[in-house]
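This report concerns only the one structure given below.
The values are calculated or read from the model by the stated rules, or taken from the named source; none is laboratory data. Just so you know, these numbers come straight off a predicted model, no measurement behind them. Neighbour counts are summed over all protein chains in view; Cβ atoms, including those assigned to glycine, are modelled from backbone coordinates with ideal geometry. For the accessible areas, the whole protein counts, side chains as well, though only heavy atoms, and no ligand, DNA or RNA atoms are used. Shrake-Rupley method; radii C 1.70, N 1.55, O 1.52, S 1.80 Å.
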Amino acid sequence: FFSLDPHKVDVNVHPTKHEVRFRDSRSVHDFIFRGLHRLLADTRPQAAAESGQNEPVNLQPPVTSRGVEQPYSPPRQQGLDWRVAERPTAYQAGFSAQQPIAAEPGVAAKESQPQEVPPLGYALAQLHGVYILAQNQSGLILVDMHAAHERITYERLKQRYHGEGISHQPLLVPISVSVSAREADLAEDASELLQRMGFEVSRSGRESLAIRSIPSLLQGADPEKMLRDILSDLIEHGSSQRVKEEVDQVLATVACHGSVRANRRLELDEMNALLRDMERTERADQCNHGRPTWTELTISELDRLFLRGR
């Protein structure tokens with residue numbers, strides 16, 4: 001939600017008040033865009049752990065509309081009525097034994113101190129060459145290694161590409177584009193902005209433009225359509241994300257082909273390195289195509305699967 005001066009809103013644009021018009025629509029658009037971008041970008045394992053989204057499942061018996069608890073009768077194996085329910089501390093000894101011990105050469109090992117466990121824990125094994133099994137403080141972590149590595153590679157490519165700037169690719173024959181006089185004036189005024197996007201555009205007539213270079217990573221794209229879309233965005237919002245979106249799509253394809261594939265064997269050190277990279281990478285909860293990269297099964301959920309403590 002956001003607050004706005006009523007004088008900056010035109011409420012008479014629609015007879016039944018179904019729509020309103022903002023006098024400064026660009027600022028409203030930028031506010032919403034930045035808010036959503038900031039929220040969606042912060043989807044790392046730390047955020048999931050702090051938000052408590054992986055809480056244990058409620059095992060209380062269901063209650064009827066009259067407030068009476070219904071009898072709960074889960075399936076049981078005959079002859080195994082063992083009342084066993086260790087606390088999570090019972091697993092601590094085995095868990096601590098698997099953590100790597102960092103000791104300097106020539107220095108006597110000191111009494112080990114409890115260390116903070118990373119959100120994704122430490123790798124245990126690889127399953128069918130597709131999934132990584134890891135153990136953290138809460139339980140078991142399952143990671144799709146291709147999806148996770150794809151997201152890590154994609155974010156690194158974006159940072160490197162946009163950090164160094166968008167390089168130009170001169171065209172052998174300039175592309176002539178027929179536009180309105182307003183669009184031609186706008187292209188002249190925004191020539192520096194277009195150049196930062198990777199386009200070199202000059203005016204060749206009252207209602208015509210000439211495209212002389214395009215972003216090098218977008219070879220094979222339709223320069224005329226992209227220029228028209230950019231000018232349309234500039235008229236509507238005063239800014240444009242067209243080139244960035246197109247570049248990101250190309251980088252996503254490159255990241256997909258450059259990520260680890262299924263059935264590739266990884267050592268424990270490689271798996272742990274991948275887990276640490278996931279914890280440092282924005283949007284690490286999803287791959288470039290929107291699939292989840294990891295999930296967690298807590299000790300309580302595992303105990304429930306095996307009917308422990310019943």
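Ranked from largest to smallest solvent-accessible area, with a 1.4 Å probe on the protein heavy atoms, 197, 145 come out as 197, 145. These residues, 128, 168, go from largest to smallest accessible area, 1.4 Å probe, as 128, 168.
If each residue of separation counts as 0.36 nm, what is the full-extension length gain between residue 224 and residue 36 once their alpha-carbon separation is subtracted? Write out the running numbers ahead of the final one.
On the way: separation 188, 0.36 × 188 = 67.68 nm, distance 3.00 nm.
Net length gain for the segment: 64.7 nm.
Among the trypsin sites (Lys or Arg not before Pro) in region 123-216, those placed in a DSSP loop whose Cβ has at most 16 other Cβ atoms within 10 Å are 206.
Building the convex hull from the alpha-carbon atoms of region 191-310 and averaging its projection over directions returns 13.0 nm². The mean of 1/r over all distinct Cα pairs in region 125-230, once inverted, gives the Kirkwood hydrodynamic radius of 17.0 Å. Accessible surface of residue 33, taken over heavy atoms with a 1.4 Å probe and every protein chain present, rounds to 100 Å². Note on residue 208 and residue 1: the model spin-label points, each 7 Å out from Cα along the C-beta direction, lie 5.6 nm apart.
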